[in-house]
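One structure is given below, encoded as structure tokens.
Quick note: the coordinates plus some simple rules give every number you see, no bench work behind them. Since the structure is predicted, the reported quantities are computational estimates derived from the model, not experimental observations. Ideal geometry is used to build each Cβ from the backbone, glycine not excepted, and the neighbour counts take in all protein chains shown.
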Amino acid sequence: MNNRTSNRRMPTAAQREAQKVFRDARAEAPVSEHERDQQAFHANRERLKAERIAREAAAEQKPKT
């Protein structure tokens, strides 16, 4: 066995900073296509629900003649 230190060099301050930035970017998991579709479906359903509630409220406000 060899007790010498490894031949690898220690990263400079700039390299450490760059590694930190890239590590943070990699940590954000990309949203899968299925998850993106589910989010769009949920947003659309909530929009339609709000429109339906508004229509029903407007219908109740109309005086019946």
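Numbers at a glance
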read-out: Arg23-Glu51 pseudo-label distance in nm [points 7 Å out on the Cα-to-Cβ vector]; value: 4.8 nm
read-out: Residue-wise HN-Hα coupling along segment 14-19, computed from phi with Karplus coefficients 6.51, -1.76, 1.60 (Hz; x: Gly, Pro); value: 5, 5, 4, 5, 5, 5
